Amino acid sequence: SHWSAAGATETGLELVIATARHMARVGAVCEASELLERSLTLTTTERDHLRLLDERRIYLEAAGMSGELRENCRIAMAIEARMTGSDQRLHSPNEIGYLAGCVYTRPSDELIAECLVCLDCEAATLDHRLAAAALAMAAAYGDSNADAAHRVVTATSRFAPRTVQERIHALRTELIYEFEFGRTERAVELADTYLELYKRSSLGRLSQAVRI
């Protein structure tokens, strides 16, 4: 590319990421993800590829592009494994993105099992574990699996979410559970709190920009 030929790959990447973020702020989230995908050719290093894939994941999530999200995160996870020399799946945001991209394509029992591994992993961050719980609950809801749903809600009840994102995951889990398996009136109460928090989150602001 022009930038790499000039020995200014870092400058090129910074400009690409800044441009993608500006595009996303004005609602062009899909276009931002496409720009980042094309920009993978700017560099040959896996560290730079991971940086671009991490940035792209955010926009794919906001746009609800599950197939592309799954593939983006699969590639990123493979890079993470090579960079760390680990043969075990790392509990990174890319793992959550990958699982989120599988919600409508994988058998629910398989997806729930993978999410429960994340939920039960004490080495993973609380945000990661709660995000996995929300995905497991969504899969349990889709399959009307009350046993799995009860296990998830019981496991998450011992956590104390503090950040906005942690609270969003926890509320989403409880909201789905109460709507499908518990008390509908409680689900309605939770929905108001969930939506208010979601609007304040970075992903919520991006999603709103897409709708606008």
Task: 5 Å binning of all Cα-Cα separations within the stretch 93-212, expressed as whole percents from 0 upward - done: 2, 12, 22, 24, 21, 14, 4, 1
- [ ] Would you please give the FRET efficiency between residue 38 and residue 164, computed as 1/(1 + (r/R0)^6) with r the Cβ-Cβ distance and R0 = 22 Å, to the nearest 0.05?
- [x] 0.10
Task: Theoretical ellipticity at 222 nm over the chain - DSSP helices of four or more residues, -39500 (n - 2.57) apiece, nearest 500 - done: -24500 deg cm²/dmol
- [ ] Rank 109, 147, 120 by mean-square fluctuation in a GNM of the chain with C-alpha springs under 10 angstrom and give only the top-ranked residue.
- [x] 147
Task: Cα gyration tensor shape for the stretch 149-190, rounded if a/c is under 1.5, else prolate or oblate - done: oblate
Open item on the list: Using 0.36 nm times the number of residues separating residue 45 and residue 21, minus their current alpha carbon distance, what extension gain do you get?
Closed with: 6.4 nm
Open item on the list: Could you tell me what a quarter of the Cα convex hull surface of the stretch 1-128 works out to, in nm² with one decimal place?
Closed with: 8.5 nm²
Open item on the list: With just the Cα atoms defining each centre, how far is the stretch 144-160 from the stretch 44-108? Give it in Å.
Closed with: 25 Å
- [ ] Return the tail of the calculated pair distribution for the stretch 97-159, meaning the percent of Cα-Cα pairs more than 19 Å apart.
- [x] 20 percent
Open item on the list: Leaving out ligands and nucleic acids, and using a 1.4 Å probe, what accessible area per residue does the stretch 39-107 come to in Å²?
Closed with: 49 Å²
TODO: First select every other residue whose beta carbon is under 12 angstrom from the beta carbon of residue 109; then total the charges, Lys and Arg +1, Asp and Glu -1.
DONE: -3
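Using a 1.4 Å probe on the protein chains only, how many percent of the accessible area of the chain belongs to carbon and sulfur?
Answer for the chain: carbon and sulfur cover 52 percent of the accessible area.
The values are calculated or read from the model by the stated rules, or taken from the named source; none is laboratory data. The shown structure was predicted, so the numbers you read here are calculated from the model rather than taken from an experiment. Methodologically, a virtual Cβ is constructed for each residue, glycine included, from the backbone with ideal geometry; neighbour enumeration extends over all protein chains shown. Ligands, DNA and RNA are stripped out before the accessible areas are found, and what is left, the full protein with its side chains, is counted by its heavy atoms. Shrake-Rupley method; radii C 1.70, N 1.55, O 1.52, S 1.80 Å.
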